[in-house]
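Shown next, in C-alpha cells, is the structure this report addresses.
Coordinate-derived values only; no laboratory data. Worth saying up front: this structure is predicted, and the values here are computed from it rather than measured. Here the Cβ is made from the backbone with ideal geometry for all residues, glycine too, and neighbour counts use every protein chain on show.
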Amino acid sequence: MARMIATTGMKHWFADGVFRSILRNASYLGSGKLGGALLGLIALACTGRGMTPALFGTLVLIHSYANGAGALVKFQTWQFIVRYGAPAWQQGDGSRLRDIIGFAFSLDLLSGLLGMMGAMLLLPHVAPWLGIDRADIRLALAYCTLIPTMTAATPTGILRVLDRFDLIALQQLVTPLLRAAGGLVAYFGNLGFPGFVVTWYVADLAGDLCLWIMTGREMQRQSLAGALRFGLIEPARRLPGAWDFVWTTNIAHSVWSAWGPVSNLIVGGLLGPTAAGLFKVAATFFDSASKPADLMARSFYPEIMRLDPVSRRPWKLGVRTAMISGLVGLAAFLFVVVGGQPLITLVFGQRYLDAFGLLQLMALSLVVTMASFPLESLLYMVSRQRAALVAEALAAGCYAILLFALIPHYGISGAGFAYVAGICLKALFMLLPTLASYRQRERFSALSTGATSA
C-alpha cells in the first residue's frame with residue numbers, strides 16, 4: 001500500500017508541466033556539465049601530471065585570483081534578466097525586454113573592466129602572500145585580462161529567458177574540451193608551466209566568446225537584434241526596483257561566488273602552493289559531485305518566476321525538486337566515499353592522494369548542498385533578496401573565520417571542516433527566512449506580471 005501511494009504521488013509530480021520543464025532543462029544542462037566534467041578531469045590530470053604539485057598549485061592560484069576578482073565585482077545579471085525578462089517575454093513586451101538586456105549588458109561591461117583594472121593594480125602587492133613568485137607575476141597579470149569575459153552573465157540570462165538551455169549545454173563543453181586538448185599537447189610536448197597557463201587562458205577565452213556568439217545569433221532569430229546597447233540611467237528609470245535587485249544580488253553572490261577561489265588563496269597563503277593544489281583537486285571532485293544541484297537551480301529559477309508566490313504551487317515545486325536533488329546528493333556522497341580514492345589515484349597519481357581525506361570531509365555536505373538549492377530562488381521569487389544577502393554574507397563570514405581558526409591547528413583538514421560548516425550554515429540561514437515567507441505568502445501579490453496561479 002505504501003509503495004502504491006508513493007508511486008501515485010510521483011506520477012502526480014510528473015504530471016505537472018512546470019516540474020517536467022525543470023527536469024528537462026536540468027537534463028540539458030546536465031548533459032553538457034557531465035561531458036565538461038569528464039573533459040575537465042582529463043585537463044586536470046594532464047596539468048597535475050605534467051608539473052610538480054608546487055607548480056600545479058601556482059597555476060591554480062593564478063586562475064583563482066582572476067576568478068575570485070571577477071566573482072567579487074560580478075553582477076548576477078542573468079538572475080536580473082530572468083526575474084524581470086521572463087514575464088516581459090511571456091507577455092510579448094519586446095521593448096521592456098530590450099531595456100532589461102541593455103541594462104544588464106552595461107553592468108557586465110563596466111564591472112568587468114573595473115574588476116580587471118583593480119585586480120592588475122593589486123596583484124604585485126598581494127602576490128608574495130599568495131605564494132605567486134615574482135617571475136610568474138607577468139603571467140598572472142595577463143590572466144587578469146580574462147576578467148571582463150568571466151564576469152559577463154548577460155548571455156546565459158538571455159538564453160534562459162528564450163528557453164535555449166540546449167545552447168547553454170553545448171557551450172559548457174567548449175572550455176573543458178579546449179583545456180583537455182591543450183593539456184594533452186602541453187603534457188606530451190613538455191611545454192611546462194607557461195604552456196599550461198596559455199592553454200587555460202585560451203580555453204577560458206574561447207568558451208566565453210562562444211557563449212556570446214550563440215546568444216547573438218539566437219537574439220537575431222528572435223528579433224531582439226540591437227538589444228545589446230549601452231545604457232544604465234534611462235533603462236533603470238523604466239525598470240522600478242532594478243538597482244535594488246542588482247546591487248543586493250551582486251553583493252550576495254560576490255561574497256558566495258568567491259567561496260572557491262578565495263578558499264584556494266587562503267589555503268595557499270597559510271599552507272603554501274602544494275596545499276592549494278590538493279585543495280583544488282578535492283574541490284574539483286566535490287564540485288563535480290554537486291553539479292546536479294546547480295543544474296536544477298538554473299532550470300528551477302526561470303520556471304518559478306512565472307508563477308504566483310501567493311499560491312502553494314511554487315513552494316510545492318521547491319519541496320519536490322529538493323527531495324529529488326537530495327537523493328541524488330546521497331548517491332553522490334556514497335560514490336565519493338567508495339570511488340574517490342581510486343579515481344584520484346587514476347587521474348592525478350599517488351602524489352595527490354592526500355586530497356582524498358579532504359574530499360571525504362567535504363562530501364559530508366553534499367546532501368545539504370543539493371537539498372537546499374531551491375531556497376535562494378524562492379526568496380528571490382518573493383523579492384526577499386536582502387534576506388538571501390544576509391544569509392550568504394553570514395555564512396561566508398563564518399566560513400572565512402573558521403578557515404583562519406582551524407587551518408593553523410589542523411592543517412588542510414581544517415579547511416575541510418570549515419567548508420562543511422560553511423555549507424550547513426548557509427542552508428540554515430536560507431531556510432529560516434524561506435519558511436517565514438511561506439507562512440506569510442498571503443500578503444504577497446503576484447510579483448511578476450503574467451504569473452500563473454495554481
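For TYR399, what is the net charge nearby, where nearby means another residue's Cβ is under 14 Å from its Cβ and Lys, Arg count +1, Asp, Glu -1?
0
Quick one: which of 397-404, 361-368, 166-173 comes out on top by average Cβ neighbours within 10 Å, and what's the full order, highest first?
Order by mean packing, descending: 361-368, 166-173, 397-404.
Which of the peptides 191-204, 145-158 is most tightly packed, and how do the rest follow, going by the mean number of other Cβ atoms within 10 Å of each residue?
145-158, 191-204
When a/c reaches 1.5 or more, the comparison of a/b and b/c decides; with that in mind, is the range 62-219 rounded, prolate or oblate per its Cα gyration tensor?
Here the range 62-219 falls in the oblate category.
Taking amide hydrogens as modeled 1.01 Å from N in the peptide plane, which residues meet the under 5 Å criterion relative to LEU307, leaving out close sequence neighbours?
Those lying under 5 Å, H to H, from LEU307 are THR452.
Summing +1 for each Lys or Arg and -1 for each Asp or Glu, what net charge is found among the other residues whose Cβ lies under 10 Å from the Cβ of LEU146?
Net local charge, LEU146 excluded: -2.
Note down the relative contact order for the range 129-220 as a percent, whole number, built from C-alpha pairs under 8 angstrom at least six residues apart.
38 percent
Measure off 7 Å from each Cα along the Cα-to-Cβ vector at LEU432 and GLN341, then give the distance between these two points in nanometres to one decimal.
4.0 nm
Based only on Cα atoms, what mean projected area does the convex hull of the range 121-210 have, in nm²?
6.9 nm²
If you rank ILE423, ILE42 by fewest surrounding Cβ atoms within 10 Å, what's the result?
ILE42, ILE423
Would you tally the net charge around LEU232, using a Cβ to Cβ cut-off of less than 15 Å, leaving LEU232 out, and scoring K and R as +1, D and E as -1?
0
Sort 93-102, 406-415, 373-382, 126-135 by the packing proxy (mean of other Cβ within 10 Å over each peptide's residues), most packed first.
373-382, 93-102, 406-415, 126-135
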